[in-house]
Amino acid sequence: MKTLVLVVSMVVCFLFFMPLHTVSADPYRWNTIRIGVKSVHDTEQGEGVKVAVIDEGVIRCNHYELILSGPCSTYSAGNTYFPYYSDHGTHVATTIAGDKWSGGTTSSTQFVGVAPDAEILGYNYLGTYSGRMPLNAQDIFISHAYRAGARVVNMSYSPTAAGELFHSWSNERMYLLIPKYSNMVFVRAAGNDGLNLSAQYYWSTASGASQHPDTDLKNLIIVGAVDRNMNIASWSNRPGNDCFRRWNGSSWATSCKGRDAFKHFFVVAPGVDIVAGCDQSTTHYCTMSGTSMAAPHVTGVVALLQGHWPVLLSRAGSVANIIFHTAQDLGAPGVDAVYGWGLVRADRAMSPLGERYLNKNGKVYALSSSRLRVSSALAVLSPERIAFFDEYDRDFQIPLASFAPSYDGILNRWIKSEDTPDQSSTNIPDGFSYTVSADHYDPSHPRLSDLDFNLSYQARDGLGWDFGQGKIIRHLDTAESLTFGLMANNNNLSGTYPVGSIANGGAYGFVHQPLGELFSLTSGILSNTTFTSAVEDRNYAPGADALVLSLKRTSQNRRLSGQITATYLTEEDGVLGTGGSGGLHFTDGFNSNAITLGTRYQVDADYSLSTSFTKAFSRGATVSDGLLSLESNELTSTAFALGLEKQRWITDTDQLKFSISQPLRVDGGHMTLTHGDFYDADGMLHNRKVDIDLGASGRQIDYQLQYSTSLKKNRDLGLFAYYAQDYLHRDNHHDYGIGVRLRGTY
Amino acid sequence: MFILRKLIFFLGITCFVIGGCKTNLAQQDAGSDSPTHNAAKEVYREGNSVRFPAIGISVELGTPYLWRDWQPTVGNPGPDGGSPLYVSFNFLITNSSESHQEMAWVVYVKDADNVLRELRFTDRSQMPLNSMSIAPDKAVTIELVAHNGPYLPIGNMASLHLELSVNNKYHVEQHTTPVIVNQTM
């Protein structure tokens, strides 16, 4: 028994700690795992980005990790102090841009650089052993790198005085260079003295410098080092609470102003026991620790950002802000005196940040106000992608399929569904009754539109009417076998009222009038002008109103009935349920007329068949100020459904439903999708235009099966399965699911 | 009567000398590695902790981190190009008494040849930090950094040797276990 407990405990402990174990046990890539690089490499590796590395000695550009990556070169500008290969510089360069060699050794196959395709421009600035270049050599190097196209520079070095970030102001060139090259990101190692950075007295001789460090140095990132447990290394300098002190006209400020504190420029990155390429041979690797090793991680992430979004090549301050605002908070909450903004994270940096918008020809639409919704009738749009932009003008692709009807979760909803919904029904004398349902009502977000109610009247002579709010389908004279499963949800564009259902979900009113013994007439109005307009609410449907007129005839023996239904639909913004506003507005008053023919045949007391066929004609004026514009001002669409319902099939209490249906599908037409695609390095917006043939490649056919039966002891068993062939009317695009439900009442 | 006075004086001197010797012995014992305390129960020491029960002070020593830096460019580089030995060291002082206690320390680095060199410690903001007044019923973690160690080779072992005193009255010596000298770049 003890052994069993021990084994179980070991397994549990192993499973619980496995992710941490995996990270900490990998000496070659724990650092890149920690900062989320691997997931980014699928889409971006820094191709075309030039990275300046000012360091000591000559970077071994013929190291296999570098020679197989982007180009690499070292520029010395007469540095005779240290004309040799440098392990320090090579380690830094391979951390940024290694990763293309898998020569069979563990090191070469396991090693991962941050931006493997970036080009290294090495600058031999320092020589630890025998001296260094003059301070103004940095001017020459940075000017050279800038002219060569580099917009990020890694500086894994520090002044000789412990705790200082730069030299004293009178000797420091960085106060000139950082504001002067404001399009360049300067990544600076914090130093390895184990100290808080000491006050720096800031004065810039750069033209146009504001003398405010928080704006003049907005393109500066200071990097400290953490270990694999994300604790600050004991030797790493920290930002502390001091700052770049301003000159106030007569003396240096004695306190910190605004965001001049070092912590607002500070992030941390892995810097303990980092494995990377070294100088002794083209296949040499070594392990090093230091903020010199941490800084290139940040530089590499900057290269990834610049490679993916060229517009950032001219916006260094934005790059620094992205790095800061996407860092993983460590230590005390918020920006603190030990970790600054926290751990640099490549994966987060590559994600949208701040306000999001759509753009077309300079016209901006807030993404949050664009209630994009792609109906199944026009689901052929769903493979298309559009670009939205974040606060830093970075483009992100979003598939329109995200807003197409989704069958995801339908099984879950069915499993959780109640046979007796959360509603109260009350009969009032003289034929009146009312029902209130709180099925969709969320007390934490109370909305009137989520509260369904129905007031009905049924006279003895057959006259009746319904008035209320919410889903109307179940109140209509409809074949039950056509409205279950998928069709019972908001995707019911293949049921008895496929066009009218677009306006379903808001207020409604219906009147049922018998016309003699065999005929009846149903007329009604639906309006889905709901009160719901929450940001990116997936259930939001643009305003639509529908008029429905249905004539029904029943045979003498009541076993066969047929109905013809005329529907008139007017949509405020959209066509056939494809709607939205803001950037996706594309129609201006679209009307649809539809004819639906339906029959129901009661084969015997337990067995019935139902059919429905709809043809719709849509027409309206088109406008072109939105991202989507409809080029065809007339559309035709069809839908059909065939249903079977059988009770007492195997047992006395079971019920079987089966249907084959085709959701509403547009026969043909054309649309144009035009949107801002990306900003180039000069900040110019490039547009994308796509002509879309609405003639779908496939025809979606839904097969649905539902079986339920009662078991002993107040239990029931249910089975639901569906298969959608050519899902979203796309050829060879399928969806399916199956669920079994066992419920009991206690 | 005179003889009796001489006898009392002699006994007093003897007791004073014996008492003094005991105190010295206790302080020397505190420097050994085994758990021990002085005869007057004024100082206890076990592992990396030291306690002064009479005045409610206890000290927990952290593990020091020793390194030399090669990040371009270092100040005062040695012949091998690296910085002097840097030391980062923490300890926790707990004052469980009802009065302020003044804690002071002198710290040496001891190399493999048992050569001692005094370290000048500061806090992380480079303010010299050799003593601290601990408020009643408080625990304080002291973070010390020194930059004036010897140019010990990377990979060598060294330990810290501490002289702790409370209120300049209670004294004890303690040392840490040897740790390796690391390298940063």
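State the dimensionless ratio Rg/Rh of segment B:89-142 (Rg: radius of gyration of Cα atoms; Rh: Kirkwood radius).
Values: Rg = 13.6 Å, Rh = 12.7 Å.
Looking at segment B:89-142, the ratio lands at 1.07.
For segment A:563-701, what mean projected area does the convex hull of the alpha carbons give, in nm²?
Working: hull surface 48.8 nm².
Averaged projected hull area, Cα only: 12.2 nm².
Short version: what are the Cα gyration tensor semi-axes of segment A:694-746, square root of 5 times each eigenvalue, largest first, in whole Å? All intermediate terms of the calculation are to be shown ahead of the outcome.
Working: eigenvalues 251, 11, 8 Å².
Its equivalent ellipsoid spans semi-axes of 35, 8, 6 Å.
Just to confirm my numbers, what's the Cα centroid distance between segment A:273-320 and segment A:39-106 in Å?
9
What nm value, rounded to one decimal, do you get for the distance between B:S133 and B:E102 when each label is placed 7 Å out toward the C-beta?
Label at B:S133, label at B:E102, 0.9 nm between them.
In the calculated pair distance distribution of segment A:281-383, what percentage of Cα-Cα distances lie above 23 Å?
Numbers: 2669 of 5253 pairs.
Of all Cα-Cα pairs in segment A:281-383, 51 percent lie more than 23 Å apart.
Given a Förster radius of 56 Å and the C-beta distance between A:A366 and A:L719 as r, what FRET efficiency does 1/(1 + (r/R0)^6) yield to the nearest 0.05?
Numbers: r = 45 Å, r/R0 = 0.80.
After rounding to 0.05, the efficiency reads 0.80.
Among the listed pairs A:K657/A:K712; A:K416/A:K713; A:K50/A:K363; A:K416/A:K646, which are separated by more than 29 Å between their Cα atoms?
Numbers: A:K657/A:K712 22 Å; A:K416/A:K713 20 Å; A:K50/A:K363 33 Å; A:K416/A:K646 23 Å.
As for pairs spanning more than 29 Å Cα to Cα, those are A:K50/A:K363.
Charges at C-beta only: +1 for Lys and Arg, -1 for Asp and Glu. How large is the resulting dipole of segment A:136-201 about its Cα centre, in Debye rounded to 20?
320
If I model a spin label at A:N231 and B:M157 as a point 7 Å from the Cα along the Cα→Cβ vector, what separation in nanometres do I get?
It is 2.2 nm.
Please give the per residue volume of the convex hull enclosing the alpha carbon atoms of segment B:35-156, rounded to a whole number of Å³. Before the final figure, lay out each step's value.
Details: hull volume 14.6 nm³, N = 122.
Value for segment B:35-156: 120 Å³ per residue.
Run the Debye formula on the Cα coordinates of segment A:645-741, all scatterers equal and no solvent, and tell me log10 I(q)/I(0) at q = 0.13, 0.15, 0.18 1/Å.
The computed values of log10 I(q)/I(0) come out as -0.68, -0.77, -0.90.
Using alpha-carbon pairs under 8 Å, 6+ residues apart, how would you state the relative contact order of segment B:134-185 in percent? Show your work: numbers first, answer last.
Details: 46 pairs, mean separation 17.5, N = 52.
This gives 34 percent for segment B:134-185.
What ranking do A:359-366, B:111-118 get when scored by the average of other Cβ atoms within 10 Å per residue, highest first? Walk me through the numbers before you get to the answer.
On the way: A:359-366: 15.2, B:111-118: 12.1.
So the peptides A:359-366, B:111-118, ranked by packing, come out A:359-366, B:111-118.
Calculate the dipole size of segment B:40-184 relative to its Cα centre from +1 charges on Lys and Arg beta carbons and -1 charges on Asp and Glu beta carbons; express the result in debye to the nearest 20. Working shown, then result.
Values: 10 positive and 15 negative charges, 3 e Å.
For segment B:40-184, the charge dipole is close to 20 debye.
State the Kirkwood hydrodynamic radius of segment A:245-288 in Å, one decimal place, computed from all pairs of distinct Cα atoms. It would help to have the intermediate numbers written out before the result.
Working: mean 1/r = 0.0692 Å⁻¹.
After inverting the mean inverse Cα-Cα distance, the result is 14.4 Å.
No solvent, one uniform scatterer per C-alpha: report log10 I(q)/I(0) for segment B:117-185 via the Debye equation at q = 0.17, 0.24 1/Å, two decimals.
-0.82, -1.33
Cα convex hull of segment B:46-97: how many Å³ per residue? Write down the numbers at each step before the final one.
Values: hull volume 5.6 nm³, N = 52.
Per residue, the Cα convex hull of segment B:46-97 comes to 107 Å³.
Give the residues of segment A:679-720 whose amide nitrogen is closer than 13 Å to a point set 7 Å from the Cα of A:I650 in the direction of its Cβ.
Under 13 Å, as judged by backbone N against the label point of A:I650, lie A:706-711, A:717-720 of segment A:679-720.
Roughly what would the spin-label model give for A:Y601 and A:S402, points 7 Å off Cα along C-beta, in nm?
For A:Y601 paired with A:S402, the spin-label model returns 4.8 nm.
Need the full-extension length gain, A:S250 to A:H734, defined as separation in residues times 0.36 nm minus the C-alpha distance. One decimal, nm. Let's see the in-between values first.
Details: separation 484, 0.36 × 484 = 174.24 nm, distance 7.47 nm.
Taking A:S250 through A:H734 to full extension adds about 166.8 nm, to one decimal.
Take the eigenvalues of the Cα gyration tensor for segment A:147-283, scale each by 5, and report the square roots as semi-axes in whole Å, largest first.
Working: eigenvalues 148, 74, 31 Å².
Each semi-axis is the square root of five times an eigenvalue, giving 27, 19, 13 Å.
Every number here is computed from the coordinates shown, using simple stated rules; none is lab data. Every value quoted in this text rests on a predicted model; they were computed, and no experiment measured them. Counting neighbours? That spans all protein chains shown, and the Cβs are built from the backbone with ideal geometry, glycine included.
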